[in-house]
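A.B. asks: Right, I'll just put the structure down here and ask away after.
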Amino acid sequence: MKRILTDKQKELIESFGVVQEGMGLSPASARVDALLIVADSTELTFDEIRETLKLSKSATSNAINNLIMLKRIGYKTKLGDRKRYFHTRLGQWKNVFIDGIEGLTAYNEVVKEILINRTDSTKQFNQQLKDFTEFIEYYQKESTKLIKNWKKN
């Protein structure tokens, strides 16, 4: 049941994995995500992922669970088959971006609360915090517009 990848596909999985590690994913999660994007098959089972990437069961399980939690991958089941077939959710990128942008609201509210409760003796720092909260609001508004307007023209 071993997947055969070309040398170029292996190189792309590693390159994309390194990039994604730099964006905060664990090495195993980065490679699983990359495999699901690079592989010729759009759906892979747990064992196919584990065997292709030469990961332990626990590393594979942790990586898959992390990617599911991050909404980077999903899975399907097939009638009469107990296996789960994992796939990238790359096609849902707009929703993922919008969720991430909207997720900044709670963060920004806490920073605003911190600003309200800061001492007046640190005016320069307080102004930096205020600028930061204003930028987050601007970023949210403009980014959401950008995503919604993309490809409308």
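No lab work stands behind these numbers, since they all come straight from the coordinates. Predicted model, so just to flag it, every value in this text is computed and none were measured. Glycine also receives a Cβ, built like all others from the backbone with ideal geometry; neighbour counts cover every protein chain displayed.
A.B. asks: Just want the ordering: Val111, Val32, Val19, from fewest to most Cβ atoms lying within 10 Å of their own Cβ. Intermediate results must be reported in sequence, preceding the final value.
C.D. replies: Details: Val111 16, Val32 32, Val19 12.
Ordered from fewest to most neighbouring Cβ atoms within 10 Å, Val111, Val32, Val19 come out as Val19, Val111, Val32.
A.B. asks: What percent does the relative contact order of the chain come to when contacts are Cα pairs within less than 8 Å and at least six residues apart? Kindly include the intermediate steps, with their values, before the conclusion.
C.D. replies: Working: 133 pairs, mean separation 25.6, N = 153.
So the answer I get is 17 percent.
A.B. asks: For the stretch 93-149, how big is Rg over Rh, using alpha carbon atoms and the Kirkwood form of Rh? Provide the component values of the computation, followed by the final result.
C.D. replies: Values: Rg = 13.6 Å, Rh = 12.3 Å.
Result: Rg/Rh = 1.10.
A.B. asks: Cut-off under 13 Å on the C-alpha distance; same-chain residues fewer than 8 positions from Lys145 excluded. Which aspartates and glutamates are left, in chain and number order?
C.D. replies: By straight Cα distance, Lys145 reaches Glu102, Glu137.
A.B. asks: Sorting Ile114, Ile13 on the 10 Å Cβ count, fewest up front, what's the list?
C.D. replies: Fewest-to-most ranking of Ile114, Ile13: Ile114, Ile13.
A.B. asks: If you don't mind, there's one more thing I want to ask. Sort Phe132, Phe86 by Cβ crowding within 10 Å, fewest neighbours at the top. Don't skip to the answer; put the middle values down first.
C.D. replies: Values: Phe132 13, Phe86 22.
Taking fewest neighbouring Cβ atoms as first place, the list is Phe132, Phe86.
A.B. asks: When the dipole is taken about the Cα centre of the chain, and only Lys, Arg (+1) and Asp, Glu (-1) are charged at their Cβ, what size is it in debye, to the nearest 20? Working shown, then result.
C.D. replies: On the way: 26 positive and 20 negative charges, 115 e Å.
Dipole of the chain, to the nearest 20 debye: 560 debye.
A.B. asks: From Cα pairs below 8 angstrom and at least 6 apart in sequence, can you work out the relative contact order of the stretch 93-149, rounded to a whole percent?
C.D. replies: Details: 22 pairs, mean separation 27.9, N = 57.
The value is 49 percent.
A.B. asks: List the pairs from Lys8/Lys94; Lys83/Lys141; Lys8/Lys83; Lys54/Lys76 whose alpha-carbon separation is above 31 Å, in the order I gave them. Walk me through the intermediate numbers first.
C.D. replies: Details: Lys8/Lys94 28 Å; Lys83/Lys141 42 Å; Lys8/Lys83 29 Å; Lys54/Lys76 23 Å.
Going by Cα-Cα distance, Lys83/Lys141 fall outside the 31 Å limit.
A.B. asks: Under 4 °C and 1.567 mPa s, how fast does the chain diffuse according to Stokes-Einstein, given a Kirkwood radius computed over C-alpha pairs? Answer in µm²/s, whole number.
C.D. replies: Details: Rh = 18.3 Å.
Using the Kirkwood radius from Cα pairs, D works out to 71 µm²/s.
A.B. asks: Here is a follow-up. I'd like to know which of Thr52, Thr88, Leu12 lies farthest towards the positive end of the charge dipole of the stretch 7-88, counting +1 on Cβ of Lys and Arg and -1 on Cβ of Asp and Glu.
C.D. replies: So the residue we want is Thr88.
A.B. asks: Please report the spacing between the Cα centers of the stretch 117-153 and the stretch 39-106 in Å, no decimals.
C.D. replies: Centre-to-centre (Cα) distance: 32 Å.
A.B. asks: Here's a follow-up. Specify which residue in the list Tyr107, Phe132, Asn117 is farthest towards the positive end of the charge dipole of the stretch 93-149, using unit charges on the beta carbon of Lys, Arg (+1) and Asp, Glu (-1), about the Cα centre.
C.D. replies: Phe132
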